[in-house]
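The values are calculated or read from the model by the stated rules, or taken from the named source; none is laboratory data. All values derive from a computational prediction rather than experimental measurement. Neighbour counts are summed over all protein chains in view; Cβ atoms, including those assigned to glycine, are modelled from backbone coordinates with ideal geometry. Side chains included, ligands, DNA and RNA excluded: accessible areas come from the protein's heavy atoms. Shrake-Rupley method; radii C 1.70, N 1.55, O 1.52, S 1.80 Å.
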Amino acid sequence: IKQVQMSPDAFVQMALQLAYYRLHGTLPLICESAHTRQFHHGRTETVRATSSDSVAFVKAMAHLNESSAETKLHLLLRACVSHVELLKDAMNGRGVERHLLGLRRMAGELSLQNEALDAPAFHM
């Protein structure tokens, strides 16, 4: 994995998504935590590992005869790079999951309704 300059974590995430898709016929909702220890009292940020690039890879692999090996490798590499970028963004304070969770909790405490914060995409 390292010989092709691929992140081992990203590779495992793609393998998990592919395995889940093959078993259940649907894409998983996977969260991974990213540390924010570079900030004072830094904790974690949540990263949603399922991205448009990982979906493209999984779907290409699910239909084995329809894509060339080069296309599948390209999609895997792109999905892995995308995953690493999502993790780096989260670790550098550019994640949104904790912010949205905070807004949802505050809205709940104040008995405020908000369609965007109550959308199914925010509930795992």
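For this structure, a couple of remarks:
- V81 closer than 16 Å to E45 by Cβ and of a type in the set (V, I, T): no
- Residue in segment 2-18 that is more than 15 Å from the chain's Cα centre (by Cα) and closer than 22 Å to L100 by Cβ present: no
- Remark: V58 matches the filter, which requires a residue to be assigned to a helix (DSSP H, G or I), among the β-branched types (V, I, T) and buried (at least 18 other Cβ atoms within 10 Å of the Cβ).
- Selection over segment 1-26 of residues that are out of contact with any Asp or Glu (no Cβ under 9 Å at 6 or more places or on another chain) and at pLDDT 90 or above gives a count of 18.
- Test: residue in segment 3-20 that is open to solvent by less than 50 Å² (accessible area, probe 1.4 Å) and in a loop (DSSP other than H, G, I, E, B): yes
- Per the listing E45, E32, E66, the residue uniquely touching a helix residue (DSSP H, G or I) at 6+ places or on another chain (Cβ under 9 Å) and farther than 26 Å from L100 by Cβ is E66.
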